[in-house]
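So the structure is just underneath, and the comments pick up after that.
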Amino acid sequence: MSETGAETVTGAEAAHGPGRAVPAQQRRLHPARPAPGAERATRPLDRQASAPFEGPGGPSPAEAVRGEHVHGEQPTGPRRHSVRAQVLDALRAALLNGELSPGRVYSAPALAARFGVSPTPVREAMQQLAGEGVVETVPNRGFRVAERTARDVAELAEVRVMVQVPALHQAVRLRAPGSWRALRPLADEVLRCAVNGDVTGYAAADRAFHSALVEPCGNRRLTRLVEELCRGAQPGLLDRATACGVAARYGALLDALTAPDLPTAERLLREILAV
């Protein structure tokens, strides 16, 4: 325990996980357990869902990163960017899965050792997460996972409403009512992931759905902003029952847009963003 009260994860902890039980009030959607006989991952980032890299049966995040970059090498150009992107995806998944705990400090060298890469792409990925407000830089120690307060959640929900409700009105003016049916597979995927407890899949499907809602506006900056706000909302932190309830509204929202019934569609969108 540090003088600041935050715990620092050493190389050993990063390799084997803190091993602490998650309080009931902090339970989240969790990925399915590995099949009997499957090799047991012993490191937190190796236990997360493999979706950011490869489907079931594919390499673990650490193996996927090592496939791009052998420890000790210094990749440059696109290859280095690929390593950083894979590390970033793995860190996002670990945050959603609860493997990286709020309030704990993680050092870049310890995480880099787990991935088999140099600390540089880990630091770069963490700096990006710091810019998004997901982690905080702790000088000479590493990065602390930010703890979200009720005010943080409320303010983010307010900003999402400010951005997405007017955008939905514009999108409705630009898109034929019947064309909203094309988003049905995305809504179904959100619900499927919620029911199955697929944390990373739920977050990705949620982000894709909200991006598709504003796509008719034709504004790339708006789309990127909506995606960033979706990441900040961290939908994977919802418990399964709440996630299923939210996901069910996605289909109802599309029904209202197809009708068309804009007042109902706006009400449903506000309810989704308020969770």
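The values are calculated or read from the model by the stated rules, or taken from the named source; none is laboratory data. Keep in mind that what you see is a predicted model, and the values were worked out from it rather than measured. Methodologically, a virtual Cβ is constructed for each residue, glycine included, from the backbone with ideal geometry; neighbour enumeration extends over all protein chains shown.
A few notes on this one:
- Set side by side, the residues ARG114, ARG144, ARG148 differ, and just one is in a loop (DSSP other than H, G, I, E, B) and either touching a residue at least 24 places away in the same chain (Cβ under 8 Å) or buried (at least 21 other Cβ atoms within 10 Å of the Cβ) (or both), which is ARG148.
- The listed residues are ALA265, ALA252, ALA194, ALA212, and the only one of them that is at pLDDT below 95, part of a helix (DSSP H, G or I) and not assigned by TED's automatic domain parsing to the domain that holds LEU91 turns out to be ALA194.
- Qualifying positions in segment 154-188 - under 26 Å from LEU129 (Cβ atoms) and either touching a residue at least 12 places away in the same chain (Cβ under 8 Å) or touching a strand residue (DSSP E or B) at 6+ places or on another chain (Cβ under 7 Å) (or both): LEU156, ALA157, VAL159, ARG160, VAL161, VAL163, GLN164, ALA167, LEU186
- Restricting segment 263-275 to residues that are surrounded by fewer than 15 Cβ atoms within 10 Å (Cβ to Cβ) and of a type in the set (A, V, I, L, M), the residue that is farthest from PRO216 (Cα to Cα): VAL275
- Yes/no for GLU227 being surrounded by fewer than 19 Cβ atoms within 10 Å (Cβ to Cβ), under 16 Å from the mean Cα position of the chain (by Cα) and either at positive phi or not in a loop (DSSP other than H, G, I, E, B) (or both): yes
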